[in-house]
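As structure tokens, the structure follows; a few thoughts come after it.
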Amino acid sequence: HTVSVIGLGYIGLPTAAVLAKNGVNVIGVDVNANAVATINAGAIHIVEPGLADVVKRAVHDGLLRAVTSPEPADAYVITVPTPFTADYDADLSYIKAAAQALAPHLSVGNLIILESTSPVGTTEQLADWLAEARPDLSFPKTHGDEADIQLAYCPERVLPGQVMHELVQNDRVIGGLSAKANAQATALYNTFLKGDCLLTNARTAEMAKLTENSFRDVNIAFANELSLICDHLSINVWELIRLANHHPRVNILQPGPGVGGHCIAVDPWFIVASAPEQARMIRTAREVNDFKPDWVYQQVQCTIQAAAQQTGKAVDAVNVTCLGLAFKANIDDLRESPALAIAQRIAAAHSGTTMVVEPNLPATAQPVANATLTALDEALSEADVVVLLVDHTPFKAITRAQLEGKLWVDTRGLIDG
Ligand code: SAJ
């Protein structure tokens, strides 16, 4: 039994590795020739704890092999990116390209699973693209269980940083275009899955993935909106949330500098694009979360002015220290990070010195133009203004004594909380 995984990124490579670890013969496909060469050498091109060892062993055992264009297989798992376009809709061009690349290799009895986060209807669209390319084969939209090729949508739900654990343990939603597709996809995941397979149809499975991330986005927006309201009313938002969360049916999330990462800040837009009149709260939540970095930046500007007045220094003699750049705690991932965007804006606008602290980056990195990557202790003692952007563990040890005589903007509640 051979499974081909198309797209060897943050989801595809761990999936390929875990399948191979469980004895499946895996052909990984990626258009990036460097990634393919790296994997075939038994190494990895992304950062994910525990992944390197599994890939190394799978390649060594001959169960995982990477190539730049598809080859025949029994099943295909598509894990390519679905970015969003300038007008906030999904860009399905990677899925279409994958469909066109694998279509010539299809044969009767094949299973195709789409895992990429996708708007409702994408699996049916994928079936249409394949049917166009292969008029000699039948697909479940017209032939159901009797189709030559079966298709299912099975979203990934793993948390970056815990992928190797969650990939195996989390329950899995499986949305086939037919009952047979559901049965075949279940058999494939059961080669490694310890969680349950939850069966539904493709449209519901597509919406389930978008719903999970929108749920989190809406709840974070609620917390972020509270932080603005509390600032306006001179209330400590961290204390407020702690108190409210003592209610047995209230569980408010934490405000922050905005919502980052490649999923939660994107997926709700796919719902908004497909139901713009109905998805009013989901759209507003996105707007609330996207506004938060602007608001933090304004707070920092006011605080720099206040520090100049308080110290009698000229504004260009005020030292600003930004703590954290990653999109969330204890990772090195800077992509779509509100913390990075805020630090970049501060450094670009501030006429004095800006220092940035990111303990998860190598000391030689230069992540922000016009700012120096500095060690925590030095950056704190030199600072007039401290901007706390990420709740990395080392920042939790900062004491009030280290902040004496300084002003700060605390977006995560580590100091003010
Ligand atoms: N955040 C807050 N306040 C909070 C919680 C999070 O401001 O109380 C911010 C974080 O700082 C970060 C952003 O939200 O900037 C997103 O972080 P996250 O930890 O909520 O989620 P991700 O993006 O790392 O992973 C999410 C997960 N989805 C859910 O928890 C519903 C993960 O399970 C998904 O697999 C992943 O998206 C994905 O790939 O879709």
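Read-outs throughout are calculated quantities, based only on the coordinates presented, and are distinct from any laboratory measurement. Because the structure is a prediction, the values reported are computed rather than measured. Positions of Cβ are generated from backbone atoms using ideal geometry, with glycine treated the same way; all protein chains shown enter the neighbour counts.
If you sort the three axes of the alpha carbon gyration tensor as a ≥ b ≥ c, you get a/c of 1.5 or more for the stretch 332-406 and a/b no higher than b/c, which makes it oblate. Legend: ranking of residues 331, 229, 241, 6 from fewest to most surrounding C-beta atoms inside 10 Å; resulting order 229, 331, 241, 6. Across the stretch 211-276, C-alpha contacts under 8 Å between residues 6 or more apart give a mean separation that, scaled by the residue count, equals a relative contact order of 47 percent. Does the stretch 56-213 come out rounded, prolate or oblate by the C-alpha gyration tensor, with a ≥ b ≥ c the root eigenvalues, rounded set by a/c under 1.5 and, if not, prolate when a/b is larger than b/c and oblate if not? Judged from the Cα gyration tensor, the stretch 56-213 comes out rounded (a/c under 1.5). Local charge for residue 322 was computed over the other residues whose Cβ lies under 11 Å away, with Lys and Arg +1 and Asp and Glu -1, and equals 0.
With respect to the chain, whose longest principal axis is taken over its alpha-carbon atoms, helix 93-102 is tilted by about 30°.
Once the Cα atoms are used to define both axes, helix 12-21 deviates from the longest principal axis of the chain by about 60 degrees.
Straight-distance candidates among the aspartates and glutamates for linking to residue 328, with alpha-carbon spacing under 13 Å and chain neighbours fewer than 8 residues away dropped: 336, 358, 391.
Under a Gaussian network description of the chain, with springs only between Cα atoms under 10 Å, the residue in 257, 135, 276 that fluctuates furthest is 135. To the nearest ten degrees, helix 122-133 and the longest principal axis of the Cα atoms of the chain are 40 degrees apart. Taking the Cα centre of each part, how many Å lie between the stretch 365-417 and the stretch 105-133? Here the two parts' Cα centres lie 48 Å apart. Based on C-alpha pairs under 8 angstrom that are at least 6 apart in sequence, the stretch 1-126 has a relative contact order of 27 percent.
In terms of surrounding Cβ atoms within a 10 Å radius of their Cβ, 177, 114 rank from fewest to most as 177, 114.
Cβ-Cβ distance of residue 277 and residue 148, R₀ of 51 Å, FRET efficiency by 1/(1 + (r/R0)^6): the value works out to about 0.85. Under a Gaussian network description of the chain, with springs only between Cα atoms under 10 Å, the residue in 89, 53, 267 that fluctuates furthest is 53. Rounded to the nearest 20 debye, the dipole size of the chain about its Cα centre is 500 debye, using +1 on the Cβ of Lys and Arg and -1 on the Cβ of Asp and Glu.
Measuring r between the beta carbons of residue 290 and residue 1 and using R0 = 56 Å, the FRET efficiency lands at 0.80.
Note on the stretch 346-414: with charges restricted to the Cβ of Lys and Arg (+1) and Asp and Glu (-1), its dipole about the Cα centre is near 140 debye.
Pairs with C-alpha atoms separated by more than 28 Å, drawn from the list 56/180; 194/292; 96/180; 96/209; 292/396, are 56/180; 194/292.
Taking a Cβ cut-off of under 15 Å around residue 202, the surrounding Lys, Arg, Asp and Glu residues balance to a net charge of 0, with basic ones at +1 and acidic ones at -1. Starting from the Cα gyration tensor of the stretch 1-67, take the square roots of the eigenvalues, sort them a ≥ b ≥ c, and report rounded, prolate or oblate (rounded when a/c is under 1.5, otherwise prolate if a/b is larger than b/c, else oblate). Taking the square roots of the gyration eigenvalues as a ≥ b ≥ c, the stretch 1-67 is rounded. Take every pair of alpha-carbon atoms less than 8 Å apart whose residues are at least six positions apart; their mean separation over the length of the chain yields a relative contact order of 10 percent. The loop-placed trypsin sites (Lys or Arg not before Pro) in the stretch 216-259, going by DSSP, that have at most 13 neighbouring Cβ atoms within 10 Å of their Cβ come out as 249. Among the GluC sites (Glu not before Pro) in the stretch 274-358, those located in a DSSP loop and surrounded by at most 10 other Cβ atoms within 10 Å of their own Cβ are 277.
For the pair residue 235 and residue 85, the difference between a 0.36 nm per residue extended length and the Cα-Cα distance amounts to 50.1 nm.
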